[in-house]
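Step one of this worksheet: look at the structure below.
The values are calculated or read from the model by the stated rules, or taken from the named source; none is laboratory data. This is a predicted model, so every value here is computed, not measured. In this analysis, Cβ positions are derived from the backbone assuming ideal geometry, glycine residues included, and neighbour counts consider all displayed protein chains.
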Amino acid sequence: MLESHIVTVGEKKLQGVRVSLPNAPVLMLVGSKGFLGCGYFGVDVADKVGHALAVVSGVSSFDDMLGATVKAFSTAAGDIGITTEMTGAEAAELLA
């Protein structure tokens, strides 16, 4: 099942997309500059196509994503200030 929600982070809004799968959902928060994705996403393809992507893992909800620590990020995400020392919420604000 596919679900879509608006997720607010600070004063910014992102489009939350959740795809329910048997063992774990696929989650992403999409902003105008890029997206925050769960562990299903890899930065290699994001780098290849020039997308700003920050990845968090071990999450099962949008709230989990915002509280998790960024584990990896694409070159384009690094260019807008994303690091592995920030939370998903901090990254989401930069990606919004």
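Checked against (1) touching a strand residue (DSSP E or B) at 6+ places or on another chain (Cβ under 6 Å); (2) within 12 Å of residue 91 (Cα to Cα), residue 52 passes all but a single condition, namely (1). In the condition set (1) of a type in the set (A, V, I, L, M, F, W, C); (2) within 10 Å of the chain's Cα centre (by Cα); (3) surrounded by fewer than 15 Cβ atoms within 10 Å (Cβ to Cβ), residue 19 is compliant with all but (2).
Scanning the stretch 69-96 for residues that are on the phi < 0 side of the Ramachandran plot, of a type in the set (Gly, Ala, Ser) and not in a strand (DSSP E or B) yields 74, 76, 77, 78, 88, 89, 91, 92, 96. The residue list 94, 29, 66 contains one member that is surrounded by 15 or more Cβ atoms within 10 Å (Cβ to Cβ) and over 10 Å from the mean Cα position of the chain (by Cα), which is 94. Taking residues in the stretch 1-27 that are in a strand (DSSP E or B), and partners anywhere that are at pLDDT 95 or above and hydroxyl-bearing (Ser, Thr, Tyr), the pairs with Cβ atoms closer than 6 Å and at least 6 places apart or on different chains are 17/4; 26/40. Before we move on, is residue 74 among the polar types (S, T, N, Q) and closer than 17 Å to residue 19 by Cβ? Against the criterion (among the polar types (S, T, N, Q) and closer than 17 Å to residue 19 by Cβ), residue 74 does not qualify.
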